[in-house]
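Asker: Structure provided below as structure tokens; questions to follow.
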Amino acid sequence: GLKKYFPVGGGSFFKKDNTYVKAVDDVSFYVKQGETLGIVGESGCGKSTMGRAILQLQTPTEGEVLFEGQDISKFKPKQLRELRKDIQIIFQDPFGSLNQRMTVGAMLSEIVRVHRIVPRSEELTYVQKLLKDVGLNPEHYWRYPHEFSGGQRQRVSIARALAVQPKLIICDEAVSALDVSVQAQVLNLLQKLKRKYNLTYIFISHDLSVVKHISDRVGVMYLGKLVELSDKHGIYKEPQHPYTQALFSAIPDVSVQEKKERMMLKGDVPSPLNVPSGCRFHTRCPLATEQCKQEIPEFRETKDGHKVACHLV
Ligand code: SF4
Ligand code: MG
């Protein structure tokens, strides 16, 4: 039931006539330990806001975020600091998120020290092992971020996330800024680290092929809502929601012999400031009926864990 609304025009939540951007609007799902849940959707669908709300970098407007049974949305600042050891996030732009004035080693050592991960005497060895884990050279300890390539910098951000020995890592467009060949290397690294350290990922991306490559289950977001959620096969081979069908009919699939019929959508994504009534997708859905304009479709299970929010499914 997670919601994140932003009041528009400096208003407060207590005034009735406020307008909000409903960036995340009543989203529910779970992630099992050891799995990778992909979240896909076009830009502005609320997937990044959702990632931040899970991590409590942005306080949810409503709803619960349960981590190992505890509602972390109720955590006090001190508990949240502790939680940062368990949940980490990796962003798209590794250059912007790294301190340019510190060597990579000093930066990683500082994190290790603040969170008391290993005794001080073992810091250097620990950090150099981290660098090796992410495919860098232990000698890179003494280098500055600008001395690395884009792919290497993203490896440094992965090392930074790993430094505190987290259980869950939220990857928000983690490979989107990289060249395709480098993307594949970083994705493979993430897979390898996941197995080695028994990690769990929430992998947020607008790139359907990247999500397909890495995910076990996939959720599709449209205008702040989850419209479909299933294991990878269900989403990529048997999509049920008209939005998912349209989105996925646009990607070429070399493994499918028969020609896929391309489904075209009308118009653009509406503004999140002014979301359509009923099913939010009705302004673009080729199958929309009168009911779709009035009633919000329930997000319900159609078969074996496959969930869809559509009146016709
Ligand atoms: Fe289309 Fe109606 Fe289904 Fe929404 S509920 S996706 S408008 S058919
Ligand atoms: Mg984003």
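Asker: What do you reckon, is Lys225 buried (at least 22 other Cβ atoms within 10 Å of the Cβ), of a type in the set (D, E, K, R) and either within 28 Å of Ile72 (Cα to Cα) or over 19 Å from the mean Cα position of the chain (by Cα) (or both)?
Answerer: Here the answer is yes, as Lys225 does meet what is asked.
Asker: I'd like the full set of residues that are out of contact with any strand residue (DSSP E or B) (no Cβ under 6 Å at 6 or more places or on another chain) and modelled with pLDDT of 95 or more, limited to the range 301-311.
Answerer: Cys310, His311
Asker: With the requirement that a residue be among the β-branched types (Val, Ile, Thr) and either within 16 Å of ligand 1 (Cβ to nearest atom) or surrounded by 18 or more Cβ atoms within 10 Å (Cβ to Cβ) (or both), what does the range 17-30 give you?
Answerer: Across the range 17-30, the qualifying residues are Val21, Val24, Val27.
Asker: Would you check which residues across the range 271-308 are within 15 Å of ligand 1 (Cβ to nearest atom) and touching a Leu at 6+ places or on another chain (Cβ under 7 Å) and list them?
Answerer: The answer is Val275, Arg280, Arg284, Leu287, Phe299, Lys307.
Asker: Still on this structure: Give the residues of the range 43-60 that are under 24 Å from Asp216 (Cα atoms) and more than 10 Å from ligand 2 (Cβ to nearest atom), sorted by residue number.
Answerer: Listed by number, the residues that qualify are Ala53, Ile54, Leu55.
Asker: Could you go through the range 20-29 and let me know if any residue there is at pLDDT below 90, in contact with an Asp or Glu (Cβ under 9 Å, 6 or more places away or on another chain) and within 30 Å of Ala246 (Cα to Cα).
Answerer: Scanning the range 20-29 turns up no residue that is at pLDDT below 90, in contact with an Asp or Glu (Cβ under 9 Å, 6 or more places away or on another chain) and within 30 Å of Ala246 (Cα to Cα).
Asker: Return yes or no: is Ser215 among the polar types (S, T, N, Q), buried (at least 22 other Cβ atoms within 10 Å of the Cβ) and in contact with a helix residue (DSSP H, G or I) (Cβ under 6 Å, 6 or more places away or on another chain)?
Answerer: Criteria met by Ser215.
Asker: Would you point out which residue out of Val211, Val218, Val175 is away from ligand 2 (no atom under 16 Å from the Cβ), of a type in the set (Val, Ile, Thr) and either closer than 30 Å to Phe299 by Cβ or out of contact with any Pro (no Cβ under 9 Å at 6 or more places or on another chain) (or both)?
Answerer: Answer to the check: Val218.
Asker: What's the number of the condition Gly305 fails, among (1) touching an Asp or Glu at 6+ places or on another chain (Cβ under 8 Å); (2) within 16 Å of ligand 2 (Cβ to nearest atom)?
Answerer: For Gly305, the exception is condition (2).
Asker: Exactly one of these conditions fails for Cys45: (1) in a loop (DSSP other than H, G, I, E, B); (2) surrounded by fewer than 20 Cβ atoms within 10 Å (Cβ to Cβ). Give me its number.
Answerer: (2)
Asker: Please give the number of the condition Gln165 fails out of (1) in contact with a Gly (Cβ under 7 Å, 6 or more places away or on another chain); (2) at positive phi.
Answerer: Failing condition for Gln165: (1).
Asker: If you check Gly63 against the conditions, is it within 16 Å of ligand 2 (Cβ to nearest atom) and surrounded by 13 or more Cβ atoms within 10 Å (Cβ to Cβ)?
Answerer: Considered against the rule, which asks whether it is within 16 Å of ligand 2 (Cβ to nearest atom) and surrounded by 13 or more Cβ atoms within 10 Å (Cβ to Cβ), Gly63 comes out as no.
Asker: Could you give me the residue pairs with C-beta distances under 6 Å whose first residue belongs to the range 73-90 and is among the acidic types (Asp, Glu), whose second residue is part of a loop (DSSP other than H, G, I, E, B) wherever it lies, and which are 6+ apart or on separate chains?
Answerer: Qualifying pairs under 6 Å: Asp86/Pro166; Asp86/Lys167.
Asker: Moving on to the next point. Leu247 passes all but one of (1) away from ligand 1 (no atom under 16 Å from the Cβ); (2) crowded, with 21+ Cβ neighbours inside 10 Å; (3) at pLDDT below 95; which number fails?
Answerer: Against the list (1) away from ligand 1 (no atom under 16 Å from the Cβ); (2) crowded, with 21+ Cβ neighbours inside 10 Å; (3) at pLDDT below 95, Leu247 comes up short only on (1).
Asker: Further question on the same structure: Would you point out which residue out of Pro276, Pro272, Pro297 is out of contact with any Phe, Trp or Tyr (no Cβ under 6 Å at 6 or more places or on another chain), part of a loop (DSSP other than H, G, I, E, B), more than 19 Å from Phe248 (Cα to Cα) and within 16 Å of ligand 2 (Cβ to nearest atom)?
Answerer: After ruling out the rest, the residue left standing is Pro272.
The values are calculated or read from the model by the stated rules, or taken from the named source; none is laboratory data. Note that the structure is a prediction, hence the values are computed from the model and not measured. Don't worry about glycine lacking a Cβ; one is built from the backbone with ideal geometry, like all the others, and counts go over all protein chains shown.
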